[in-house]
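Below is one structure, written out as structure tokens; comments come after it.
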Amino acid sequence: MGHPINALFESMVQTMLAMDTGLGLVIGVGISMSASHLFSLLANRLSPRQIAVQLLVDALVLSLALTLGILCHSLMLMLLKQVPPQPITLANRMGVALWPGLFYVLVAAPYVSDLIAVTLLGWIHLNVLLLLQASYGIPLQEGLVVALPGFALALVLIALVFAQRWRASYSTLAREVGG
């Protein structure tokens, strides 16, 4: 009988493979990540139109960051495992790994936001590793080497978007308080 954690991982993989959501989930995660800024946008007294535009732009940029991370996975698979580059196929397979990101809107919660963010991003990375193992037979340790550059790229791009959003929010608030 196998280890209980292996059974849990196998169950997770089977569930993700059955979901087959593809790239549509990337947009959903981008929207959820963008929505985590809703409170700061409301606090800056932006109009509903300004908020909607800002959320849409952020969602698209965050979705692009996640997509670039997946494309990096494709390049790493080509370089390390000689898997022919099929970024669309890989994105459709790996997009489902992002489903915990649909809950990223919860990062707006006070006091526990960092814990929620780290947990969700770690869960996404684990899902990518499990899908690499299930789809390409790559052991988890080697999967780290394949997935880490794309994951790091996506995290850096996401951090840049978030930093820009917070900087803009604080500037708006400072103008209102000072002026």
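The values are calculated or read from the model by the stated rules, or taken from the named source; none is laboratory data. Bear in mind the structure is a predicted one, so any value in this text is a computation, not a measurement. Here the Cβ is made from the backbone with ideal geometry for all residues, glycine too, and neighbour counts use every protein chain on show.
A few remarks follow.
- Pairs with Cβ under 8 Å, 6+ apart, first in the range 26-47 and more than 16 Å from ALA154 (Cα to Cα) and touching a residue at least 40 places away in the same chain (Cβ under 8 Å), second among the aromatic types (Phe, Trp, Tyr) and surrounded by fewer than 16 Cβ atoms within 10 Å (Cβ to Cβ): SER40/TRP166
- Among the residues of the range 139-153, those identified as under 20 Å from ALA7 (Cβ atoms) and either among the basic types (Lys, Arg) or touching a helix residue (DSSP H, G or I) at 6+ places or on another chain (Cβ under 6 Å) (or both) are LEU140, GLY143.
- Matching residues in the range 149-172 - criterion: being of a type in the set (Val, Ile, Thr), modelled with pLDDT under 90 and surrounded by fewer than 18 Cβ atoms within 10 Å (Cβ to Cβ): THR172
- Boolean, VAL118 is under 17 Å from GLY30 (Cβ atoms) and assigned to a helix (DSSP H, G or I): no
- Across the range 133-148, a minimum of one residue is classified as part of a helix (DSSP H, G or I), among the hydrophobic types (A, V, I, L, M, F, W, C), under 21 Å from VAL61 (Cα atoms) and at pLDDT 90 or above.
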